[in-house]
Amino acid sequence: MHWLLDVDNTYGFGRCGDGTTRPAYLNTFQRGQQESVWETVPQPSCETFTHGGQYGFLDIAVQEQNAPAKQWKYTNAPDADARAVQAAYWALTWATQQGRATEVADTVAKAAKLGDYLRYAMFDKYFKQIGNCVGASTCPAGSGRESAHYLLSWYYAWGGAYEQGQNWSWRIGSSHNHFGYQNPFAAWALTTVPELEPRSPSATTDWAQSLERQLELYTWLQSAEGAIAGGATNSWGGRYGQPPAGTPTFYGMFYDEKPVYHDPPSNQWFGMQVWSMHRIAELYLETGDARAEALLDRWVPWAIANTTLGADWSIPAELIWTGQPNTWDPTNPEPNTDLHVEVTETGQDVGAAAAYARTLTAYAARSGDAAAKNTAKGLLDALHAASDALGVSTVETRGDYERFDDVYDTSTGQGLYLPPGWTGTMPNGDVIEAGRSFVEIRSFYLNDPDWPKVQAYLDGGAEPTFRYHRFWAQADVAMAYADFGRLFPND
């Protein structure tokens, strides 16, 4: 699955840069860990130089000695691919129970093929050897599986020549591994369900290895309280740099409490916890895996202790981390007595609450834990009470919207940065140049009926509030109801 899909072609890039066809594939993040969503420059995934500057958008993030060539380039989200495999497993399971497996056979076969390609997420960005990799020019290249960390990294990307007559292409992996992207359930399904086993002869072996490595990663990152910390990288700072002295390691990769992006920190949001632990819970539900059970036995009480039910319900929203894990020893894992988490904010994120309820439901169904089942039911009752004509939502106060009109500030490094002298245009004619802000290169926001609320805030008024009905959240709510009804039909 590509990273972003502009369903209505709002940005105007069109499919493969044609300007009109929808849906359109596009990218935003290009420039490393400090690039906030508010500092990005949207760009098409087919770079035909139709929009942007002289060379489209290619020379904003990457400098080349020669003129850049027209090209197509795609970046995926491995966690989304793995979720598709997870969904295919359940489709096959339920269709088989109804004697209708043939009706989903084609889709399941595509999921198996996806699992084959998804193995590109298991490799270092530039296919360098895993472990103690310091120095872009000195860290040795891997051979065979030497560059495989066997985890689901943040992305992989691929591209090639757009113009006929040219025959070059490229592919990269990723060195950064966030616990929130892992999916041991998908790894298990790809190795144990015949219909989902990829055809490549080495695929099931790779996924079996990945299953073990992923469960080890969760165990390595579990804090003293029970929440799961960030992840591990084979490329410190994205440059194969030297980490601070004393940084613990996981198979030679360096601990990073906020892998990939830092604005905001990538493991600050509670949603990462529930998205990822739901996969652990479904693995436990289907297999009884003792390692998954041990993780949940500590995570669930921590989460419930920070949850309030009833009319003024709340769940964790933002987390901060202190300390660090021990260096991983697979033969003698040690508890992380020096790794801690604190809930700094609570809230009513309906999508996170639904994923949280699904996690508790699956855990309770296998373990019989009454507190988990009752908390899941309480969350579902709260979500039902938050229903309106469009779906499920709560009021959100968006103080971060102050960054709509941020321009680049050299003292803070925040704002829309462009290389000196770079100028271009968006498909609608918005000028891209130094001193422009997020909204100035996305002027379509000004046409939104609710934009005056944001503008009033930018002019010094109160923080705006909205009710959002995000598709992923509505889908998670629906699945949470379905899960509870399926696993606890009499409750």
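Throughout, read-outs are computed from the coordinates displayed, never taken from laboratory work. Computed from a predicted model, the values in this text were never measured in an experiment. Using ideal geometry, Cβ is built from the backbone for each residue, glycine included, and neighbour counts are taken over all protein chains shown.
Around the amide H of N27, modelled in the peptide plane, lie the amide H atoms of Q43, S45, all under 5 Å away and 5 or more residues distant in sequence or on another chain.
[x] 72, 70, 41; [y] 63, 57, 54; [z] 64, 52, 41: which one is Cα extents along the principal axes in Å as calculated from this entry? Of the listed options [x] 72, 70, 41; [y] 63, 57, 54; [z] 64, 52, 41, [y] comes from this structure.
Can you give me the Cα centroid spacing of the range 13-46 and the range 389-420 in angstrom? Between the Cα centre of the range 13-46 and that of the range 389-420, the gap is 17 Å. With K and R counted +1 and D and E -1, the other residues having a Cβ less than 9 Å from that of Y417 yield a net charge of -1.
Modelled spin labels at Y468 and N490, positioned 7 Å past Cα toward Cβ, are 4.1 nm from each other. The listed peptides 174-181, 205-212, 303-310, ordered by packing as a protection proxy, come out as 174-181, 205-212, 303-310 (highest mean of other Cβ atoms within 10 Å first).
For the range 20-36, backbone phi angles converted through the Karplus equation (6.51, -1.76, 1.60; θ = phi - 60°) give residue-by-residue couplings of 10, 5, 10, x, 10, 8, 8, 10, 10, 5, 9, 10, x, 5, 8, 7, 6 Hz, Gly and Pro being listed as x. The calculated FRET efficiency for S143 paired with L5, based on their beta-carbon distance and R0 = 30 Å, is about 0.25. Going from the residue with the fewest nearby Cβ atoms within 10 Å to the one with the most, C133, C46 rank C46, C133.
Here the Karplus curve 6.51 cos²θ - 1.76 cosθ + 1.60, taken at θ = phi - 60°, turns the phi angles of the range 429-446 into couplings of x, 4, 7, 10, 7, 4, x, 8, 10, 3, 6, 6, 9, 9, 5, 4, 4, 5 Hz, with x standing for Gly and Pro. Taking every alpha-carbon pair in the range 401-491 and binning the separations at 5 Å intervals from zero gives 3, 11, 14, 14, 13, 12, 9, 6, 6, 5, 4, 2, 0, 0 percent.
Lys and Arg at +1, Asp and Glu at -1: add these up for the other residues within a Cβ distance under 12 Å of A372 and post the number. Once all neighbours under 12 Å are counted, the net charge is +2. Summing Lys and Arg as +1 and Asp and Glu as -1 over all other residues whose Cβ lies under 12 Å from the Cβ of A111 gives a net charge of -2. Summarising the amide proton neighbourhood of G53: residues at separation of 5 or more, or on other chains, whose placed amide H is nearer than 5 Å comprise T425. At what distance in angstrom do the alpha carbon centres of the range 60-76 and the range 450-491 lie from each other? Between the Cα centres of the range 60-76 and the range 450-491 lies a distance of 37 Å. Placing a label point 7 Å from the Cα of A91 along the Cα-to-Cβ direction, no residue of the range 168-194 has a backbone N closer than 15 Å. Site pair R298 and A385 shows an inter-label distance of 3.4 nm when each label is modelled 7 Å from Cα along Cα→Cβ. Taking GluC sites (Glu not before Pro) across the range 1-91, the ones in a DSSP loop with at most 13 further Cβ atoms lying within 10 angstrom of their Cβ are E64. Pop a pseudo-label 7 angstrom from the Cα along the beta-carbon direction at both V134 and Q34 and give the gap in nm to one decimal. Inter-label distance under the simple model: 2.2 nm. In terms of the mean number of neighbouring beta-carbon atoms within 10 Å, the peptides 50-60, 266-276, 428-438 order highest first as 266-276, 50-60, 428-438.
Couplings for the range 277-294, taken from phi via the Karplus curve 6.51 cos²θ - 1.76 cosθ + 1.60 with θ = phi - 60°, read 6, 4, 5, 4, 5, 5, 4, 5, 4, 7, 10, x, 3, 5, 5, 5, 4, 4 Hz in order; Gly and Pro are left as x.
Estimated from the Cβ-Cβ distance and a Förster radius of 35 angstrom, the FRET efficiency linking A311 and H262 is about 0.45. Per-residue packing, averaged as other Cβ atoms within 10 Å, sorts the ranges 456-465, 284-293, 251-260 into the order 251-260, 284-293, 456-465, beginning with the highest.
Our note on the geometry: Cα centres of the range 207-247 and the range 299-373, 18 Å apart.
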